[in-house]
Every structure is written in structure tokens, then in C-alpha cells.
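Colleague: My questions will all concern the structure given below.
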Amino acid sequence: MNVRGTFKPHLAIKFKSEDGNACTFSVDTTRIPKKYRQPDAYLITHAHSDHHGKSAMLSGRAVCSDKTAIALEIRHEHKYNGSTVGMGESIDVNGVTVTTYPTGHTVGSTAFYWKNEVGTRILVTGDVKDASRLPKCDILITEANYGDHADSACHFEDDITGFNKAMEMDSSIAFGAYAFGKAQRAVELIRDFGYDGDIEMEDKSLALTQRLLDNCGELVGLGESGGEAMCVVPPWDLGKLPRDIAKYVLTGRSDYYYPAINISDHLDATGLVKMVEDIDPEVAIIYHPNGDRPAKFAEHLNSIGIESISIDNIKNVLSNEFI
């Protein structure tokens, strides 16, 4: 619950550690005011603003991956005050061993995994693009950004072919991509398709990509290449570029002026279902985003035999057996 409008939670998980101690992990929430009892940890899955890392990063109880900490500092221009953990590594949080697993949503995005006092395996994913390395668990707490199985807009594939064709058609080209997440994906794709020249980027995208990506090649500021170059800028900056540059937006949306190439940072509805089936939990709890998609995803999972519940319905149904 919000505390007089000052606390924005995704969820808090209360459980007992293997030593029998009561623990609380807040996942992707703003900080609780100091006058209230603090959780044992603020787990930050990634640095997108709707996951409240801007607030949680200021707490000494914050926990995230090392690259998420870098992204938070660059994006919000504040020092990260919490603890960091390498991807695929573990960290002790008040006697609880918490292990990270990559989700592929952004550079550094991580799922968190731990066990309670009776050995129940708990996995919180955050947003997911690649679920291939996520472990099996008993309680899966996950997202439903594209979880409405009945909505055709929630079924898609990345148009990697379209991205490559755009590169082949024009020697001077700009891709509109959000500075954190999509811009790094764009640079990876450009390099994967063999372009080894300069890539021009606006300042925030440039700083994030240089710090977060290994082997990103030569990145320069806008107008600094001295000749033809690929450009990656936020979508709203495409109109500031010269008219003779071909322009595309990397998005699944259809409301941009420039042609869109569908490149998503999320699993679609089919991918989300497969993820849950592969992880094989006893129960799936759906907690993100706001709106009706968590409930619709939980309803679909129940219809195919996977016990599920959305976070807004949890208080009256979920028994203390699980959390």
C-alpha cells in the first residue's frame, strides 16, 4: 500500500530465511520513508523508470547488478548507494543467499532467486526478453507487459530482417531508440550485421552504451564522424537530423511519424507462456504492469492448467503456505 502517496510499490515479499529469521524484500519500489520499518533489501531488477530505481538507488539496502548500478548513475546523475552483484553470481542479504539470472530485457537486467526456510524456491523476474537461463522454481513472480493472450498486439516477432534491409538500403541512416535499453540493442544489431564504422549517438545514449556494452566499436557524438555514419538517437530527436538521412523508429507502436521496425525488449504473449511452462512453478504470481494485463495473463495461465494469480487479487486467495 502507498504511505500517503509517497511510496510506490511493485511488491514486497515477506518470508522466513533458512535460519528462521523474518525477512522482507521490496522489489522495484520507491524507498519507504525512514520513519517506517525498512525492508531487508530493495531489489532493483533494472534501471527503467517504471521500476523505481531512481528512488531505491539512494538506499544502502538497495541490491542490483553491477551494470544496472552503472545505468542508474548515468540516467539519474546520483551515486548508487547500495550493493551490487555480478550477473549469475550470488549475494548474502541478511543471511539469505540471493542469486541473479539474466533476463535480456536491458543490459544488466536481472531476475532474483532465493529459498525460504522450508526450501521453497522463489524467483522474481522483472521484465523479460530472454528466459532461456532462468531456473525452475516453486513460486514464480513475473511480468505481463504483453500478457493479454487475446490481444493480437501482444503477439509479435522481432523484425531482424527488416532491420538488416534498412541498413542495406541506405548508407546514411538513423534509428530512433530510447537511450537506455533500445539504443544498446540497436548498436548490437548494427555490429552483428557487419558495420564497423562510427556510430553517432546523442550524449545520454552514448554514455550509457560506452559504459554498458563490451565490444561496441567506435561511438561518437552527433556530427563528429566527419562523414557518413549510422546514427542512434531517441525517437523524438529524429526530426532534428538532416533531411537526407533515412529514419526509422525501433518500436512495436504505430503512432510515430517515421517508419517503424518492430524490435521489442519484451517477450510477447506466446513467449511469456513458454517461459512459465519451462520454469514449471507450483504457482505463478503476476505483478506488472498496472492495468488489466496481469489479471488477463493469470486467467490464461489458469485456463491451460498453470495455477496463477495477479497481484491485485492476491490478498484474498493466496495462502500462507507460499509466502
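Colleague: Under a 5 Å amide H to amide H cut-off, with H placed in plane at 1.01 Å, what residues pair with K247 once short-range neighbours are removed?
Modeller: Here the answer is A174, since their amide H atoms fall under 5 Å of that of K247.
Colleague: While we're here: Roughly speaking, what is the stretch gain from S90 to A22, that is 0.36 nm per residue apart minus the C-alpha to C-alpha distance, in nm to one decimal?
Modeller: Between S90 and A22, full extension yields an extra 22.5 nm.
Colleague: Along region 159-176, what does the Karplus equation 6.51 cos²θ - 1.76 cosθ + 1.60 (θ = phi - 60°) give for ³J(HN,Hα), rounded to whole Hz, x for Gly and Pro?
Modeller: Each residue of region 159-176 in turn: 8, 5, 4, x, 4, 5, 4, 4, 5, 6, 7, 10, 7, 10, 8, 10, 10, x Hz.
Colleague: Using θ = phi - 60° and the Karplus relation 6.51 cos²θ - 1.76 cosθ + 1.60, list the HN-Hα couplings for region 245-258 in order, rounded to whole Hz, with x at every Gly or Pro.
Modeller: 8, 5, 10, 9, 10, 8, 6, x, 7, 10, 9, 8, 5, 8
Colleague: Give the residue from S55, H105, G223 lying farthest towards the positive end of the charge dipole for the chain; charges sit on Cβ (+1 for Lys and Arg, -1 for Asp and Glu) and the dipole is referred to the Cα centre.
Modeller: S55
Colleague: For the pair K14/N81, report the inter-label distance in nm, with labels modelled 7 Å from Cα in the Cβ direction.
Modeller: 2.5 nm
Colleague: Could I ask something else about it? With a Förster radius of 45 Å, plug the Cβ-Cβ distance of E73 and S303 into 1/(1 + (r/R0)^6) and report the FRET value to the nearest 0.05.
Modeller: 0.55
Colleague: Follow-up question, since we're still on this one. If R₀ is 30 angstrom, what is the calculated FRET efficiency for the pair D192 and A153, using the beta carbon separation as r and rounding to 0.05?
Modeller: My answer for the efficiency is 0.65.
Colleague: Still on this model: Order these peptides, 208-217, 167-176, by their mean beta-carbon neighbour count within 10 angstrom, highest first.
Modeller: 167-176, 208-217
Colleague: How big is the antiparallel share of DSSP beta bridges in the chain, given as a percent to the nearest 5?
Modeller: Of those bridges, close to 35 percent are antiparallel.
Just so you know, all these numbers are worked out from the coordinates, no wet-lab data involved. Given the structure is predicted, the values throughout are model-derived calculations rather than measurements. Note that we place each Cβ from the backbone using ideal geometry, even for glycine, and neighbour counts take in every protein chain shown.
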